[in-house]
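Everything below concerns the one structure shown next.
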Amino acid sequence: MSSQAILAKNLKGKKIILGVCGSIAAYKSALLTRLLIRSGAEVRVCMTKSATTFVSPLTFSTLSKNKVITDISKNQDWNDHVEWGLWADLLLIAPATANSLAKMANGITDNFLTAVYLSARCPVMIAPAMDLDMWKHPSTLRNLKRLKEDGVHTINVEKGELASGLSGEGRLAEPENILNHLDIFFNQSKKLSGQKVLITAGPTQEKIDPVRYISNHSTGKMGVALAEVFAREGAEVMLVHGPLSTTLPDHPSILLFPVTTAEEMMNKCSELHSKVNLAVFAAAVSDYRLKKSSEKKLKKTGADGMSMELIQNPDIASSLGQSKTPGQIHIGFALETDNEEANAKEKLHKKNFDLIVLNSLKDKGAGFGGDTNKVSLITQNNVQKLELKSKTETAKDIVSFAYQHFIVKNK
Ligand code: C5P
C-alpha cells in the first residue's frame, strides 16, 4: 500500500480512539494509524490484551504519538475510560473480533476498550475481522444486528483469502477503505448533515406455509437509491427493508434493518420513528396476510378450489402519520393505475404525508423492477411532473424537493 497518496480531507483535528482487538488483522491497524495521523487526526489507541500478542503497543504509541492503554488497571487512573469516552469525536474499533462484538452487544466491560465503548458519547464505528465461519455464525449475526440497532456504524468485511488459509468473507476492510469511510463520515459540509432519515424499502413477504408466501414485484431499488442520495448529502439513514432484489447500499451513514413481514417492518419503524426528522415510506407493504399460516407445506387436496382467510396488515405510514410530531416530515409513494392524481391527493391527506410521489403504471419505464421512474411530486397545493429518468436521478429530485420545501424551512 502506498500511504503517500492516500489522505482524507475531513479528518484534520478529529479526535479518534482506535480500539484494536486480538485478530491477526491487527497489523493492518498500524497502517491505519499512520493514515489517520497523516490525515491530521489525533489518535489514541487502546488494545485488548490478546491484541498485544499480535502487535506491540510500542508500535501504536510510536505511530500515534500517544500512550496506548492495554489494560483496565495498569498505569492509568481509575476513570480514564470516562475521560477517553468524552474526549473522542469517534470510537473506531478495527479489527473488531467476534469476542469483542459479543461483549459490546451485551454491555460486558471486562477490559478498557469495552469500558470506553460504554462511556463514549461519540459515534462508534466497527470494522469486523474474523474467519468466515465465525462471521456467519448466528451468534455473530445476532450481536451485529443488536449493535446496529444500538446505532453502531459498520464497515463491511471484505472477501478474499483469510489468514486461516480459507477463502471467503471476513477480512478486515483495507486501511485505505476504512479511511475513506471515515472521510465520508466526517464530511460535515453536506447540506443534510444532522438530519436523521427513516426509509422503508422493498416488498414484504407474508408466510403461507414454509415454502410459499404472499408478496409483490417490488425490488427496493427506489428506496435504496433514496437511502444512498440522503446519505451522500450528509444525512444519517435508517433503512428498514424487506427482502430486496437489488444490491444493498454500502455507506457508513446507512444503517440497515432487514425485516420480512409487514408486522416486523411496523415494529422496527415504530421503534425508530421518534429518532428521525424525516421518514420516507417507499416500501410496497403487503396489505394482507394469512389469518393463520401453516407450519407444514400445504398439499393438494384434489378439490377444485382452495380458500385462505386473509386479515389486514398494519398501515405503517398511516399509523406513524398519526404520531407525527411538529417538524417531522413524511414522504409517501403511490402506485396508481387510474384516476392517479386524485387518488394520490387523497392518500396524501389520509396518511398525513407532506409529499407524495406518484408513479403511474400507465407510464412506460415507471414503477416496479426497472432502473427508471417517471413520477409526479404532489403536495397539498403543488403538482410537479418529472421526466422519465433513472431511479437515482429521481431520488436526487425527491431529496432536493424535500430539502427546499421542508428542511430549509424547519432550520
Ligand atoms: O395505500 P397504498 O398502499 O397505496 O399507500 C402507499 C403508501 O403507503 C406508500 O408510501 C407505502 O410505503 C405506504 N404503506 C405503508 N404500509 C402499508 C401500506 C402502504 O407504509 N401497509
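Results, tabulated for the structure shown:
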item: Checklist (1) crowded, with 16+ Cβ neighbours inside 10 Å; (2) modelled with pLDDT under 95; (3) assigned to a loop (DSSP other than H, G, I, E, B) applied to LYS67, failing item; result: (1)
item: Among residues of the stretch 8-26, those that are free of Cβ contacts under 8 Å to residues at least 40 places away in the same chain and crowded, with 16+ Cβ neighbours inside 10 Å, counted; result: 0
item: From SER164, SER215, residue being over 22 Å from LEU11 (Cα atoms), within 16 Å of the ligand (Cβ to nearest atom) and among the polar types (S, T, N, Q); result: SER215
item: Inter-residue pairs, beta-carbon under 6 Å, first over 13 Å from LEU361 (Cβ atoms) and in the stretch 329-351, second surrounded by fewer than 20 Cβ atoms within 10 Å (Cβ to Cβ) and of a type in the set (Asp, Glu), 6+ apart; result: ILE329/ASP354; HIS330/ASP354
item: Test: residue in the stretch 322-334 that is small (Gly, Ala, Ser), within 23 Å of LEU272 (Cα to Cα), surrounded by fewer than 18 Cβ atoms within 10 Å (Cβ to Cβ) and near the ligand (Cβ under 8 Å from one of its atoms); result: no
item: Residues located in the stretch 183-214, provided they are at pLDDT below 95 and either of a type in the set (Phe, Trp, Tyr) or in a helix (DSSP H, G or I) (or both); result: ASP183, ILE184, PHE185, PHE186
item: Residue among SER360, SER390, SER318 that is hydroxyl-bearing (Ser, Thr, Tyr), surrounded by fewer than 17 Cβ atoms within 10 Å (Cβ to Cβ), within 16 Å of the ligand (Cβ to nearest atom) and in contact (Cβ under 8 Å) with a residue 12 or more places away in the chain; result: SER318
item: Boolean, GLU271 is more than 14 Å from the ligand (Cβ to nearest atom), assigned to a helix (DSSP H, G or I) and acidic (Asp, Glu); result: yes
item: Verdict on LEU290 being over 16 Å from SER376 (Cβ atoms), away from the ligand (no atom under 13 Å from the Cβ) and among the aliphatic types (A, V, I, L, M); result: yes
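The values are calculated or read from the model by the stated rules, or taken from the named source; none is laboratory data. Only a predicted model underlies this, so the values are computations on that prediction, with no experimental measurement involved. All Cβ positions, glycine included, derive from the backbone under ideal geometry; neighbour counts span all protein chains shown.
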